[in-house]
Amino acid sequence: MGAGLIALFLTCLRLTTTEAFELTTFARLVDFNAVEPFQHRVLLPAAAASIQAVAPLGETLLFGLMEMGFWMALIGVAYRALAQFGIGENTLSRRLLAFTVVIPMLLHLITPDLQITQSFSASDDILDLGTWTPRAIYYYVYDLPAAVFTLALVLMLSRLAERPHAAGIAAYLAVFAVATLNRETTVFLLPFVALLFWQRLSFSHWAAFLAAQAVLFAAIQLPLQWLFADNVNPNAHLGDTQYEFHLIYNLVALSSPLYALTYIARFAAGLYLPLLVWRRHLDRRLALALIGFALPLALFAVVVGRLVEQRIFIEIVPLIWLGALQVISARCADTGAIDAKR
């Protein structure tokens, strides 16, 4: 019940405080004429179009209902993550801790960007704040599902690394395929898989596992990109791709020290701080996920995404949240053991 109420509130909050990009509105997504690369992230638009074929429901209502479902799924997967990594003393504490994942997610998906055109002003020998304006960020239907899928896939891989078996690999590949239909950032799972299963599988099985994911990714993404090749993005200027180039824009945005500080404060709700301070307590599997998946994705996002839309890092946020709780839990356990020994 708690998860449902929180999901309802966050969905309503996001629908009313964010806005759809004019070239990727809900209606255009369902009609499959939004610009690339947004349109080939087809999982939810296809689901909405299928439902509309049999039920007279509007796009906003359909995407809102799906949003609610994914908020609840996020809390459920977060609970499974806490149990898998032994975080929390009992079931009740894990259920309560699982709700905390929505805090950093809210800061990335819903909280408006802070536009600082003038940090401070001086008039009549009085120092005051300058011109600060909140700007609504864009709503993209695939953002929240991408975070849920990423956390679920990392959990599946972490469990498989302990005991690889054919049924588990098949289940992982099935979820990987669905996640790839939602967003192509699943490709960044391949470096993580390569690091995680190196020396845990024979070389032939290791190479086959990586090849299976690469082939599956290509088999899904290449037809989608071909299918929507005519949905040209007028803002795309990264070579011959449909991606946009925003690196210079992002560097200019961060050139304001005050804006940079507010961005650092908002990023993942500051949960990267315990990761940095107590990194020696970090579980190897989560460390490899941050190095193999999160870091390459973050670098890519800085180039093709706009930093003022903090949602571009959304897949990374649940991993930072989980890593932070894990190192805090491990350090508390170590401290308790030392005190007991004394």
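The values are calculated or read from the model by the stated rules, or taken from the named source; none is laboratory data. Everything numeric here is computed off the predicted structure, so don't read it as measured data. Because the Cβ atoms are built from the backbone with ideal geometry, glycine has one as well, and the counts that use them run over all protein chains shown. We work out accessible area using only protein heavy atoms, side chains counted, and drop any ligands, DNA or RNA first. Shrake-Rupley method; radii C 1.70, N 1.55, O 1.52, S 1.80 Å.
Just a few scattered comments:
- Sorting the segments 63-74, 309-320 by their mean number of nearby beta carbons within 10 angstrom, highest to lowest, gives 309-320, 63-74.
- Accessible surface of region 20-154, 1.4 Å probe: 61 percent of it comes from carbon and sulfur atoms.
- Distance between the modelled labels on A208 and H165, one decimal in nanometres: 1.8 nm (7 Å Cα→Cβ projection).
- Relative contact order for region 215-342, counting Cα pairs under 8 Å that sit 6 or more residues apart, in percent: 30 percent
- A dipole drawn for the chain from +1 and -1 charges on Cβ atoms has a positive end, and of Q199, I320, L282 the residue lying farthest that way is Q199.
- If R0 is 22 Å, the Cβ-Cβ spacing of V304 and L173 corresponds to a FRET efficiency of close to 0.25.
- Expressed as a fraction of 2.2 N^0.38 Å, the value expected for a compact globular protein of N residues, the C-alpha radius of gyration of region 183-333 is 1.23.
- Length released on extending from V232 to D125, taking residue separation times 0.36 nm less the Cα-Cα span: 33.2 nm
- Volume per residue for region 118-247 equals 193 cubic angstrom (convex hull of Cα atoms).
- Element breakdown for region 252-303 at a 1.4 angstrom probe: carbon and sulfur atoms account for 77% of the accessible area.
- Hydrophobic, long helices, defined as DSSP H runs whose alpha-carbon span along the helix axis is 27 Å or greater and whose mean Kyte-Doolittle value is at least 0.5, occur in the chain at 59-84, 143-162, 203-227, 317-341.
- Solvent-accessible heavy-atom area per residue, rounded to whole Å², over the chain at 1.4 Å: 48 Å²
- Dipole magnitude of the chain, debye to nearest 20 (Cβ charges: Lys/Arg +1, Asp/Glu -1, about Cα centre): 1540 debye
- Whole-number D in µm² s⁻¹ for region 88-193, Kirkwood Cα-pair radius fed into Stokes-Einstein, 20 °C, 1.002 mPa s: 121 µm²/s
- The ellipsoid equivalent to the alpha-carbon distribution of region 248-336 has semi-axes of 27, 15, 9 angstrom, derived from the gyration tensor eigenvalues as √(5λ) and listed largest first.
- Theoretical ellipticity at 222 nm over the chain - DSSP helices of four or more residues, -39500 (n - 2.57) apiece, nearest 500: -19500 deg cm²/dmol
- In nm, spacing of pseudo-spin labels at A260 and R280 (7 Å Cα→C-beta vector): 3.0 nm
- Projecting the Cα atoms of M105, V141, L155 onto the dipole axis of region 102-176, where Lys and Arg carry +1 and Asp and Glu carry -1 at the beta carbon, places L155 farthest toward the positive end.
- For the chain, average projected area of the Cα convex hull in nm²: 22.5 nm²
- For region 88-175, size of Cβ-based charge dipole, Lys and Arg +1, Asp and Glu -1, in debye: 740 debye
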